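Below: the structure, in structure tokens.
The values are calculated or read from the model by the stated rules, or taken from the named source; none is laboratory data. Computed from a predicted model, the values in this text were never measured in an experiment. Virtual Cβ from ideal backbone geometry, glycine too; neighbours counted across all protein chains shown.
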Amino acid sequence: MATQAPRAVAAIPDLAPEREIRWPQRIKAKLANGLELVLVESRSIPKFHGELFFRSGNAAAAGRAVSLADMTASMVRTGTARSSSRQIEERLRGLGADLSLAAGQDTSAISFAGLSDNIEPVLHLVNELAREASFPAPEFDRERRQKLEEVKLERTQPGFLAGERLRKILFDKHPYALVSPTEEQVAAYTLDQMRSLYRDFYTPENALLILVGDFDSAAVRSDVENVFGSWSGKKPLSDESPAPPTPRGRRVYLVHVPGAVQAQILCGCHAITRQHPDWIRIALTNSLYGGAFNSRLVMNIREDKGYTYSPRSAVNPLRQYGYFSVSAAVRNEVVAASLTEIFYEIDKLRSLTVPKSELLDAQNYLSGVFSMGLATQSGLLSQISTVILNELPDDYLETYRQKLRALIPGDVLSAARTYIDSANMQIVVVGDREQIEKQAALFGELETYDAKGLRLS
Amino acid sequence: MKPLQIPVEHKTLLNGLHVVIAPDSTAPVVTVGVYYKIGFRREPQGRSGFAHLFEHMMFQGSENAAKMQHIKLINSSGGVLNGSTMYDVTNYYEAVPSNALERVLWLEADRMRALKVDDENLRNQRDVVKEEVRVNVMNQPYGGFPWLDMPPVAFRNWANAHNFYGDFADLDAASLTDVQTFFRTYYVPNNAVLLILGDVNVADGFALAEKHFAHIPAGPSPKFADPSEPRQTEERRGDVVEKFGTLPAMAIGYVMPQRRTPDWYAMGLLDQFLHGGRAGRIYRELVLEKQLAVEADGGIDDIFGYNGPTQMTTRILHKPELTSEETLAAFDAIIADVHGTGITDAELQQVKVKWRSDYFGTLEGGRGGYMPKYGLMHLLACFTLFDGEPQLVNSILDSFLAVSKQQVQDFARTYLRPENRAIVFRKPVAATQEAA
């Protein structure tokens, strides 16, 4: 369609000179009890955002019970020695605060945000949760039932089923293979397990507190000393985990969901963590491949072929291991066609040098998105916690763009060849077996599972 | 308590395009939005889902930026972009390093002036939209619940009652002529607002807006379908089958007052009182205390963004050992208690603090953290298009904080009545088969 076009500026405007990026000062301190503190002033709104991390999560708890750190986190807000569940929730509301507790593989965390006027009372409440959780039995019955329904529900979500299967393939006996408990495992949780985990993990020597917001750092630092100063506790001992397997050859894992009207594809292979010197190289390579709207995979299977709405690739950096993954929910008829394009784009990136102009576009993209963290308190908090939890250099934020800009096409070629392991990529497809099995089997030896993880064939 | 003083400047170009600028040099990032006053509510009859399909078409090429160019130019400038179709508006937005501001304005102007798409683009995006519906609705437990389930039960006017994502037959029937007509009718500068927020100098921003948008000709004022509903006099109910999940669910929606009427402010606080997280009355009683439900949440979908019949909706997933009627009775007991005893001074005080805190949070972020100032953009756009008053962003909070407890109780008594509500029961197919 062409409309009558009045006078317009026809040429694409050039970019103006870049404004300097200035990351705010991070004021770091360590309390006598071992608690690490980072304070960052950011005045975008009269609020603050904070997160109290403990450097132990579900992986460190795997020897006790699957996802026990997460279950413990959800119990912590249900009561303390001084406050009932209802009192905690009403205090939060009265302070205008949000708070959530969760554990991932590598950390347990209390995240919170509130009005600048109320920082000190919110810190008091966070302190109470971190030190005095009482694990009331009636609350446990309720939380466990909710968890039970949650784990039933997630087994009906194609994205969850695909992710769970891929983790099992890539990590096997390593705790990272365990993403969620079974119903039986939820039923077996005990309060004693949680109390003991809480005692071991929720200690100042194991903790990192980051506060970002519209406040005066000196005043908040003294609040933190007053509130958390008398806390004590050692760092927990950590167990050695078995090494993950290195799957050889492509295999296909079909998770059968009868009646599914779409197929969820997820392919993956081992890669690297954020600490690895090649991290920025693989991040750039991923961005070119499928990490941005403008990437090759999205342009191919969405904008050109219309197979899918939301194809994406990612590098998933857990603390000990990282892995690369590609996902796309596609219509049943084009499973084979989609996998063909996924591998075509991988192999192309592993064989042919990326044109300089395309590389520059991707560098600009990553550089711009990286700096967007500056614009919000939660964005800053996320960038800073990534640096500290992964023990990256202090000047990581300041030097990232420079390191990114220094990369050349050969770096992408070598990163793709090293880390996007086409020949040994593991392929998961979640969908209705009748509809997709023949197509999936074209890409490797096929194993079929049901939604509960039982092998069907 | 610090008063809110967001600098906001507003001009209207000769072609009717509103331009709103909110400068803030905290970070070298600028957020640009273009809002058109057309959403899925008033899309053409027989073309359900068209407003959203059309939104996809706006990324398919314009006269000077061919398909893929648009996305490429934003990403390669270091920015992110997206669009979304809502009840009463459709938005297009970008967050970019501020050195790319003019490029973004050029792109937005180019597609407002001269969208250029063909049949192949339409076929491609029709396929993409169908996969979007499958991934979000048809292949997910509780997909579309209740936002797609509720309208046909609650409303009688097609505008409010149809399938907003679109029946596949209607998507298939959509033609390039429909695209042209829709573009010419609604995507005119006099039906839109351009927003520039963040690292921009006000004078430069207006000059750039003038340079790129002023020559786009105004169109006739769009004629909008009338969304008014016949008066509801009875409770309405409907059933929907749940294909994947195992818990019975229900959604209870009460029709709300029009935006910025006196009742609207009391509504905002009552919503916070009922649905404000774990302290909210409904979650507290149904999930935490009586333990009948596993999930109970909801509220008003977009309090600042609606401009037609809208509900406050509670969404409940309850234990299968309870019947729907037992669960509904527990919900009704909460409503009856609010009618009878209202809200205490202490509760109202808490609710207001939380409301203020949430409002500030909305202004800063509000779109998954990746779009700085999305919330501020959305509020400024809706206050401009619906109220003609972008400065409301600084003053509207005071009106919410002035609501009395009597007003909250009166509101509950007036609006939370059975003859003002609709209920959708989402019934798991597994349970239905067992019973049969």
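When the criteria are applied in full, residue B:184 fails the requirement of being surrounded by 17 or more Cβ atoms within 10 Å (Cβ to Cβ), assigned to a helix (DSSP H, G or I), within 14 Å of chain A (Cβ to nearest Cβ) and basic (Lys, Arg). Highlighted here are the strands (runs of 3 or more DSSP E) found entirely within segment B:192-266 that include at least 1 residues which are out of contact with any Lys or Arg (no Cβ under 9 Å at 6 or more places or on another chain) and surrounded by fewer than 17 Cβ atoms within 10 Å (Cβ to Cβ): B:236-242. Could you grab me the full set of residues in segment B:205-229 that are of a type in the set (Asp, Glu) and within 14 Å of chain A (Cβ to nearest Cβ)? If the condition is that a residue be of a type in the set (Asp, Glu) and within 14 Å of chain A (Cβ to nearest Cβ), then B:210 is the only one that fits.
Residues in segment B:119-140 that are crowded, with 21+ Cβ neighbours inside 10 Å and over 24 Å from residue B:57 (Cα atoms): B:139 only. Pick from segment B:116-139 the residues that are out of contact with any Gly (no Cβ under 8 Å at 6 or more places or on another chain) and in a loop (DSSP other than H, G, I, E, B): which of them is nearest to residue B:255 (Cα to Cα)? Going through the qualifying residues, I end up with B:139. Restricting segment A:367-410 to residues that are over 25 Å from residue A:15 (Cα atoms) and polar (S, T, N, Q), the residue that is surrounded by the most Cβ atoms within 10 Å (Cβ to Cβ) is A:377. Taking the criterion of being without any contact (Cβ under 8 Å) to a residue 12 or more places away in the chain and within 14 Å of chain B (Cβ to nearest Cβ), the residues of segment A:257-315 that qualify are A:293, A:299, A:302, A:303, A:304, A:306.
With respect to the conditions (1) modelled with pLDDT of 95 or more; (2) buried (at least 22 other Cβ atoms within 10 Å of the Cβ); (3) over 26 Å from residue A:163 (Cα atoms), residue A:339 falls short on a single one, namely (3). Exactly one residue out of B:111, B:103, B:134 is at the interface with chain A (Cβ under 7 Å from one of its Cβ atoms), without any contact (Cβ under 8 Å) to a residue 60 or more places away in the chain, among the charged types (D, E, K, R) and closer than 30 Å to residue B:200 by Cβ, and it is B:103. The numbered conditions (1) in a helix (DSSP H, G or I); (2) at positive phi are all true for residue B:142 except (1).
Answer yes or no as to whether residue A:274 is within 25 Å of the chain's Cα centre (by Cα), surrounded by fewer than 21 Cβ atoms within 10 Å (Cβ to Cβ) and among the basic types (Lys, Arg). When the stated conditions are applied, residue A:274 passes them. Scanning segment B:148-180 for residues that are assigned to a helix (DSSP H, G or I) and not hydrophobic (A, V, I, L, M, F, W, C), we see that the one that is surrounded by the fewest Cβ atoms within 10 Å (Cβ to Cβ) is B:177.
Which residue out of A:45, A:21, A:27 is in contact with a Gly (Cβ under 9 Å, 6 or more places away or on another chain) and closer than 25 Å to residue A:384 by Cα? Spell out how you get there, then give the answer.
Values: A:21 fails: in contact with a Gly (Cβ under 9 Å, 6 or more places away or on another chain); A:27 fails: in contact with a Gly (Cβ under 9 Å, 6 or more places away or on another chain).
Criteria check complete, one pass: A:45.
Residue check: residue B:86 meets all listed conditions (1) more than 24 Å from the chain's Cα centre (by Cα); (2) more than 10 Å from chain A (Cβ to nearest Cβ) but one, namely (1).
Kindly indicate whether residue B:43 is at pLDDT 95 or above, outside any strand (DSSP E or B) and touching a Ser or Thr at 6+ places or on another chain (Cβ under 6 Å).
It is false that residue B:43 is at pLDDT 95 or above, outside any strand (DSSP E or B) and touching a Ser or Thr at 6+ places or on another chain (Cβ under 6 Å).
Does residue A:135 count as farther than 18 Å from residue A:450 by Cα and touching a His at 6+ places or on another chain (Cβ under 9 Å)?
Against the criterion (farther than 18 Å from residue A:450 by Cα and touching a His at 6+ places or on another chain (Cβ under 9 Å)), residue A:135 does not qualify.
Would a scan of segment B:44-54 turn up a residue that is more than 7 Å from chain A (Cβ to nearest Cβ), among the aromatic types (Phe, Trp, Tyr) and surrounded by 20 or more Cβ atoms within 10 Å (Cβ to Cβ)?
yes
Listed by position, the helices (runs of 4 or more DSSP H) enclosed by segment B:337-436 that each have at least 1 residues that are modelled with pLDDT of 95 or more and either surrounded by 15 or more Cβ atoms within 10 Å (Cβ to Cβ) or within 14 Å of chain A (Cβ to nearest Cβ) (or both) are B:345-364, B:374-387, B:392-401, B:405-415. Of the residues making up segment A:41-74, those that are touching a strand residue (DSSP E or B) at 6+ places or on another chain (Cβ under 7 Å) and closer than 30 Å to residue A:117 by Cβ are A:42, A:46, A:47, A:48, A:49, A:50, A:51, A:52, A:53, A:54, A:73, A:74.
Being over 30 Å from residue A:320 (Cβ atoms), surrounded by fewer than 20 Cβ atoms within 10 Å (Cβ to Cβ) and away from chain B (no Cβ under 14 Å) holds for only one residue in A:134, A:180, and it is A:134.
Pairs are defined by a Cβ separation below 7 Å, a sequence spacing of at least 6 or placement on different chains, a first member in segment A:69-97 that is within 13 Å of chain B (Cβ to nearest Cβ), and a second member that is of a type in the set (Val, Ile, Thr) and not in a helix (DSSP H, G or I); the pairs so defined are A:85/A:78. Segment A:1-105 holds strands (runs of 3 or more DSSP E) entirely within its bounds, and those carrying 1 or more residues that are surrounded by fewer than 20 Cβ atoms within 10 Å (Cβ to Cβ), at pLDDT 95 or above and in contact with a Phe, Trp or Tyr (Cβ under 9 Å, 6 or more places away or on another chain) map to A:36-41, A:98-103. Being hydrophobic (A, V, I, L, M, F, W, C), assigned by TED's automatic domain parsing to the domain that holds residue B:21 and under 27 Å from residue A:401 (Cβ atoms) holds for only one residue in B:114, B:95, and it is B:95.
Selection of segment A:98-131 for residues being within 14 Å of another protein chain (Cβ to nearest Cβ), of a type in the set (A, V, I, L, M) and more than 25 Å from residue A:144 (Cα to Cα) yields A:113, A:115, A:119, A:122. Considering only residues of segment A:414-457 that are part of a helix (DSSP H, G or I) and of a type in the set (A, V, I, L, M, F, W, C), which is surrounded by the fewest Cβ atoms within 10 Å (Cβ to Cβ)? Per the stated criteria, the residue is A:423. Among the residues of this structure, residue B:319 does not count as one that is within 14 Å of chain A (Cβ to nearest Cβ) and either free of Cβ contacts under 8 Å to residues at least 40 places away in the same chain or under 30 Å from residue A:375 (Cβ atoms) (or both). For beta carbons closer than 7 Å, sequence separation of 6+ or different chains, a first residue in segment B:207-220 that is within 14 Å of residue B:110 (Cβ to Cβ) and modelled with pLDDT of 95 or more and a second that is outside any loop (DSSP other than H, G, I, E, B) and among the aromatic types (Phe, Trp, Tyr), the qualifying pairs are B:212/B:106.
With respect to the conditions (1) without any contact (Cβ under 8 Å) to a residue 40 or more places away in the chain; (2) surrounded by fewer than 19 Cβ atoms within 10 Å (Cβ to Cβ); (3) among the polar types (S, T, N, Q), residue A:364 falls short on a single one, namely (2).
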